[in-house]
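The values are calculated or read from the model by the stated rules, or taken from the named source; none is laboratory data. Given the structure is predicted, the values throughout are model-derived calculations rather than measurements. A quick note on method: Cβ atoms are made from the backbone with ideal geometry, for glycine too, and the neighbour counts reach across all protein chains shown.
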Amino acid sequence: MSQLDRRTVLKAGGAVAAIALTAAPEALAQTTAAPNWNRLSRSLQGGKLFMPSTPGYAAAHQLFNPRWDSVQPAAVVRAAKTADVISTINFARDNKLVLVPKGGGHSYVGASVISKGIQLDVGPLRGMTYAKNGVLTVGAGARLYDVHAFLDKYGRSLPTGTCPTVGVAGLTLGGGMGIHTRAWGLTCDRLVGMSVVTADGKARVINTKSDPDLFWALRGGGGGNLAVVTSFQFATIPGPKLGFFRLTWPEARAAAVVAGWQKFIQKAPSTAWGNLHLNAKSNGTVSVHVLGISTTGNAAAAAAQLESFVGSKASTRSITVKTHMEAVKYLGGGTTSPRTGFLAGSDVLRAPMNASSINALIGAVKSAARAKTPAAAIIDPLGGQAAKQPAGGAAWPWRSALGVIQWYVGTAAHPSSAQLKAAQTFIDHGHGAVRSFSAGGYANYVEARRGVATYYGSSLPRLRAVKKKYDPQGFFRTSYTFG
Ligand SMILES: Cc1cc2nc3c(=O)[nH]c(=O)nc-3n(C[C@H](O)[C@H](O)[C@H](O)COP(=O)(O)OP(=O)(O)OC[C@H]3O[C@@H](n4cnc5c(N)ncnc54)[C@H](O)[C@@H]3O)c2cc1C
């Protein structure tokens, strides 16, 4: 979902009250005899340790969603080098403290902050180099906007998501979907290598030849589960001008648009991509639009093909051409993105929905609109290159799926229990509407109330085996760990 669209959802839903209530992530930390924090601080080589008494601690542990601000780690380590990552992992292990890595801090369930444990922030590791063979080496702390701005200097790009502040780390480790998914595959599919530190404190360079199991598992197996990544190596893609289309239809055409969009995703060339938005509006109605691109630049042809499957012309229609950076800023709503409250979830569509499921999906958005819940169902397409395994394989399990629905509700920074309940009601209605077409969930849109098996499909047994091999003591734990 683009930032542009998240802001639309917030606006469409109207103002929401800001009553403090936080559903903190489960405190997994184990108690231990007073850790010698001075020893950890002294061992850091440029990194910085924040304790609750250190100035800047509150800002240091913040995530993108303010809902997690009240989760208080025992310490935050901002790693400046791989050596800091190694020292911190060894310290946490020796002191039986839970450690969670933080990249861009956009986890849907606050998995990159932990009560009483150590938050290991790789943010300062954000250097980038570009090699003549088209390979980008990027520190795990880099954010998406910075990656695109850097690659633009070389006329190159990378298939990523759209939010400028999302971390390359979390995005890549859980898959990574965006406008290039059909033409070039997921972000994790472009990986050619990673530098990681495993639970034993060992730094490794992994790829299809070296630790191939771990390399496979980290391509879609989700962040925080197996190792701390310190840098990624990606095979970049060209960054030419892109054709954009944005088509809207009246609410009365919603069912035809969903059905037509499903056909479009099955029949259109992989150079065409478009995601479908059903947004609840504060006046109780539903807005319907498809935002799409063509990597050939001919968005008009893609738009016409979509309209022919829908069976009617769009009521408003915009066709534009954008350079690589214009596209990045347009989709990201600028160069950065303010911290935002939200609750979200997902369903992976294994096949096109039938008419009754489509009606139930529209009904879920409609009842959120009537309840003045600022909700949206956004369906991102798969297919094309995303349907193919990259060389060496990837744990990302949804190759044959049609698309991924995100159930998204904008909330206050610190939502009341009533707001969270209303948001969860919409997400539950959404799940119910598409249940018979859902293969599971997308690990990057992880939800608190969903079992781990639903995120990894047929990759789960191998992921468990890799976990056993590289993290036999279960040092790395998230709410969606497959240990
Ligand atoms: C506004 C917004 C827009 C989004 N848009 C898209 C989109 O267009 N496409 C898409 O696919 N997804 C999108 N997402 C989802 C996003 O991909 C995930 O939330 C992702 O996990 C965020 O990564 P992060 O590094 O920012 O988050 P973090 O919270 O830092 O990390 C997420 C998980 O990865 C772990 N992790 C972080 N760094 C490392 C590391 N170096 N090594 C190992 N584990 C690590 C964390 O412990 C945590 O479990 C969006 C999310 C938001 C909030």
Only residues that are basic (Lys, Arg) and either out of contact with any Ser or Thr (no Cβ under 9 Å at 6 or more places or on another chain) or closer than 17 Å to residue 163 by Cα (or both): list them for the stretch 317-331, please.
322, 329
Residue 347, sole failed condition from (1) surrounded by fewer than 18 Cβ atoms within 10 Å (Cβ to Cβ); (2) among the charged types (D, E, K, R); (3) not in a loop (DSSP other than H, G, I, E, B):
(1)
Report yes if residue 311 is surrounded by fewer than 22 Cβ atoms within 10 Å (Cβ to Cβ) and within 16 Å of the ligand (Cβ to nearest atom), otherwise no.
no
Need the failing condition index for residue 62 against (1) farther than 22 Å from residue 234 by Cα; (2) more than 8 Å from the ligand (Cβ to nearest atom); (3) touching a strand residue (DSSP E or B) at 6+ places or on another chain (Cβ under 6 Å), just the number.
(3)
Could you check residue 220 against (1) in contact with a Cys (Cβ under 8 Å, 6 or more places away or on another chain); (2) away from the ligand (no atom under 12 Å from the Cβ) and say which number it fails?
(2)
Restricted to the stretch 468-483 and to residues being within 13 Å of residue 223 (Cα to Cα) and surrounded by fewer than 22 Cβ atoms within 10 Å (Cβ to Cβ), the residue farthest from the chain's Cα centre (by Cα) is 477
Residue 96 modelled with pLDDT of 95 or more, within 13 Å of the ligand (Cβ to nearest atom) and within 15 Å of residue 476 (Cβ to Cβ)
no
Failed condition for residue 12, given (1) within 14 Å of the ligand (Cβ to nearest atom); (2) buried (at least 16 other Cβ atoms within 10 Å of the Cβ); (3) modelled with pLDDT under 60, with all others met?
(1)
Candidates 391, 386, 327 - the one that is surrounded by fewer than 17 Cβ atoms within 10 Å (Cβ to Cβ) and not acidic (Asp, Glu)
391
Check every one of the helices (runs of 4 or more DSSP H) wholly within the stretch 378-483 and list those with 1 or more residues that are closer than 30 Å to residue 94 by Cβ.
460-470
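Yes/no per residue for (1) more than 30 Å from residue 420 (Cα to Cα); (2) in contact with a strand residue (DSSP E or B) (Cβ under 8 Å, 6 or more places away or on another chain); (3) of a type outside the set (D, E, K, R); (4) within 16 Å of the ligand (Cβ to nearest atom):
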{"site": "436", "(1), (2), (3), (4)": "no, no, yes, no"}
{"site": "441", "(1), (2), (3), (4)": "no, yes, yes, yes"}
{"site": "445", "(1), (2), (3), (4)": "no, yes, yes, yes"}
{"site": "451", "(1), (2), (3), (4)": "no, no, yes, no"}
{"site": "461", "(1), (2), (3), (4)": "yes, no, yes, no"}
{"site": "471", "(1), (2), (3), (4)": "yes, no, no, yes"}
{"site": "476", "(1), (2), (3), (4)": "no, yes, yes, yes"}
{"site": "481", "(1), (2), (3), (4)": "no, no, yes, yes"}
Could you go through the stretch 16-31 and let me know if any residue there is more than 21 Å from residue 105 (Cα to Cα), modelled with pLDDT under 55 and crowded, with 17+ Cβ neighbours inside 10 Å.
yes
From 209, 153, 241, residue being surrounded by fewer than 18 Cβ atoms within 10 Å (Cβ to Cβ), touching a helix residue (DSSP H, G or I) at 6+ places or on another chain (Cβ under 8 Å) and among the charged types (D, E, K, R):
241
Is at least one residue of the stretch 248-265 in contact with a strand residue (DSSP E or B) (Cβ under 8 Å, 6 or more places away or on another chain) and within 16 Å of the ligand (Cβ to nearest atom)?
no
So if I check each of 313, 366, which one is part of a helix (DSSP H, G or I) and at pLDDT 95 or above?
366
